[in-house]
Amino acid sequence: AAAPLVLAIETSCDETAAAIVDGSGQLVSDVVASQIDFHARFGGVVPEIASRKHIEAICGVADECLDVAAARIGVPRLRWRDLSAVSVTYAPGLVGALVVGVAFAKGAAWAADLPFIGVNHLEGHIYANKIATPDIEPPLVVSLVSGGHTMLVHVKAWGDYETLGSTLDDAVGEAFDKVAKAMGLGYPGGPIISKLAVEGDPGAIDFPRAMLHSGDLRFSLSGLKTAVITYLRNEEAAGREVNKADVAASFQQAVIDVQIAKAEMALKLTGAKEFCLGGGVAANPALRAAYGVMCERLGVRLTLPPMSACTDNAGMIALVALDRYREQKFFGLDADAQAHVNL
Ligand code: KG4
Ligand code: ZN
């Protein structure tokens, strides 16, 4: 493998992850341990459980990450001191979950006397696009859609970001999760709703497209969620059988219509000729297809992260850290986790 070797740790929500990138930008190891089964029964991520599960998993995940990299590189063993730097997601996210990764990464960097790099989780989701498409270059517009974020970002250069607009209330992924919960479908809602939507009619129910004509790049999703819940209640009160596939497809279409319209606005506003997606909701097949159609029509190049890189992972964090390593932009060992931070 080409030097340097940069290891990344990610524990901002409910995945404990570790990855190693080499100097050519290749991920030589990318390990993710999901805790989702422990949270599903509660209908969402329970912060206290997330922290404790990270503590249980992190040493094993890091060991496995080093073993996978050693095998891939073709050396008998890779030790911490063979690395060039240790990086970690320090914000934003569940602070009690972040703290586990930050403390672990700092400890490893300190013990092995390596540079320590803090990475913004949202920047990681942007860099996830580089995993399969290393040649994407700013200026570009990226839509970040996850369980915690819904925003359009103008990437003027790597490391230079302008948030063009974001949600006033719920995030897109949160809306999928809440609608799924209201329909009694389980957690996380995104993958369940998107599967169900395949069999439904997206035009069956006319759910509201909030902020579609607001003339700016802000979003609002709590009204849509409430509209779906009200629809379900009314149908039940009237004794009518609800076609869940139609509800799923119509809800999803309402989300997609607004996402596409605002993304188009952002592209026109910035003049960017590249568009990409990031975050867990970027795994939604109907959304990916709709962006394909829009970008084709506008003559804009579309990059989509691989499905496995949409949800939280450490590979995307390692790619950011590699850039920071090259710039020698290191963090002190007094760095702390932060719940909220801008790009
Ligand atoms: O990025 P992520 O793993 O965690 C956060 O940083 O939030 O995103 C998780 C979110 C969840 O809300 C989940 O329901 C949603 O991404 N999601 C999807 C799909 N797969 C995951 N939403 C819509 N369609 C999907 N196929
Ligand atoms: Zn995320």
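List every residue pair whose Cβ atoms sit under 7 Å apart, with the two residues 6 or more apart in sequence or on different chains, where the first one lies in segment 119-146 and is modelled with pLDDT of 95 or more and the second, anywhere, is among the aromatic types (F, W, Y) and away from ligand 2 (no atom under 11 Å from the Cβ). From segment 119-146, the pairs are V119/Y90; P138/W158; L140/F275; V141/F275. Counting only strands (runs of 3 or more DSSP E) that sit wholly inside segment 6-76, those with at least 3 residues that are under 18 Å from the mean Cα position of the chain (by Cα) and surrounded by fewer than 22 Cβ atoms within 10 Å (Cβ to Cβ) are 27-34.
Does A204 satisfy the criteria of being surrounded by 17 or more Cβ atoms within 10 Å (Cβ to Cβ), in the same structural domain as T163 (by TED's automatic domain parsing) and in contact (Cβ under 8 Å) with a residue 24 or more places away in the chain? In short, no. Checking each residue in segment 94-120 for being within 13 Å of ligand 2 (Cβ to nearest atom) and either hydroxyl-bearing (S, T, Y) or more than 18 Å from I58 (Cα to Cα) (or both) picks out only N120. Of the candidates F207, F219, F176, the single residue that is within 21 Å of R288 (Cβ to Cβ), among the aromatic types (F, W, Y) and within 16 Å of ligand 2 (Cβ to nearest atom) is F176.
Note on segment 101-132: residues that are farther than 24 Å from G278 by Cα and surrounded by fewer than 24 Cβ atoms within 10 Å (Cβ to Cβ) amount to 13.
Going by the conditions given, is M316 aliphatic (A, V, I, L, M), within 23 Å of L164 (Cβ to Cβ), assigned to a helix (DSSP H, G or I) and within 16 Å of ligand 2 (Cβ to nearest atom)? Write out each step before concluding.
On the way: aliphatic (A, V, I, L, M): yes; within 23 Å of L164 (Cβ to Cβ): yes; assigned to a helix (DSSP H, G or I): yes; within 16 Å of ligand 2 (Cβ to nearest atom): yes.
For M316, the condition - aliphatic (A, V, I, L, M), within 23 Å of L164 (Cβ to Cβ), assigned to a helix (DSSP H, G or I) and within 16 Å of ligand 2 (Cβ to nearest atom) - is met.
The numbered conditions (1) in contact with a strand residue (DSSP E or B) (Cβ under 6 Å, 6 or more places away or on another chain); (2) within 16 Å of ligand 2 (Cβ to nearest atom); (3) more than 22 Å from S166 (Cα to Cα) are all true for Y325 except (2). All of (1) at pLDDT 95 or above; (2) within 14 Å of ligand 2 (Cβ to nearest atom) hold for C276 with one exception: (2).
The residue that is farthest from ligand 2 (Cβ to nearest atom), counting only those in segment 184-199 that are part of a loop (DSSP other than H, G, I, E, B) and under 17 Å from A254 (Cα atoms), is E199.
For segment 160-177, state whether one or more residues are without any contact (Cβ under 8 Å) to a residue 12 or more places away in the chain and either touching a His at 6+ places or on another chain (Cβ under 6 Å) or within 16 Å of ligand 1 (Cβ to nearest atom) (or both). Looking through segment 160-177, at least one residue is without any contact (Cβ under 8 Å) to a residue 12 or more places away in the chain and either touching a His at 6+ places or on another chain (Cβ under 6 Å) or within 16 Å of ligand 1 (Cβ to nearest atom) (or both).
The values are calculated or read from the model by the stated rules, or taken from the named source; none is laboratory data. This is a predicted model, so every value here is computed, not measured. When we count neighbours, we look across all protein chains shown, and the Cβ atoms used for this are built from the backbone with ideal geometry, even at glycine.
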